[in-house]
Amino acid sequence: MAITRWTNRNPWRELDALTNRLGFVFDDAMPTASSTGRWVPAVNVEENAEELLLTAELPGLTEDDIEIEFENSVLSIRGEKRAQRREGDDSSKVHIWERSYGSFQRTFTLPRTVSPDRIEADFASGVLHIRMPKAPEAKGRRIEIGSSREAATA
C-alpha cells in the first residue's frame, strides 16, 4: 500500500476549473455552472474552543436572497443568484461569460456539540457568517487527579 500525502483539495472546484479550461479550448461548447443554472458558493468551516464558524461567499446577493434552516442536526443554506442581463437586448454579444447564476443549496451535518438555539447569522459585503456556539458540556475541561490515599479511604 502506497502512502500518499494529504492535500487540502476541493475536487468540485478542480472539476469546475477543468470544465472552464475545456470550454475555452472548445469555444465554450461544454456547459459550465453558468449555463446549467447551478452554482456552488465557496464555503469555509472553522472551529475553535467556543464555536464553529461557517463563512460563505455570496457576491451579488442580499439577505432576502438567502434562506438558512437548521433541522435534525443539518444546517441548510439555499438561495438564488439572478443574472443581471437585460432581457430582449439582442444587439449585444457576450464574449466571456464566467460569472455563475442560478439556485444553490448547501447542507452540512453538524455535530451534536453545537447549541442549535444559539446559532446566529449575519451578512455583510457578500459574505455570510454563521456562528454556531458549542454547548457548555461539549467544551473540554481539565480533570484533577486525586491522590491514591483518598481513593483508598473512600
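Readers should treat all values here as calculations from the given coordinates under stated rules, not as data from a laboratory. On a predicted model such as this, the values are computed, not experimentally measured, just so you know. Here the Cβ positions follow ideal geometry from the backbone for every residue, glycine too, while neighbour counts run over all protein chains shown.
Brief remarks follow.
- Amide proton proximity set for Glu51, modelled H, under 5 Å, gap of 5+: Lys134
- With K and R counted +1 and D and E -1, the other residues having a Cβ less than 11 Å from that of Ser76 yield a net charge of -1.
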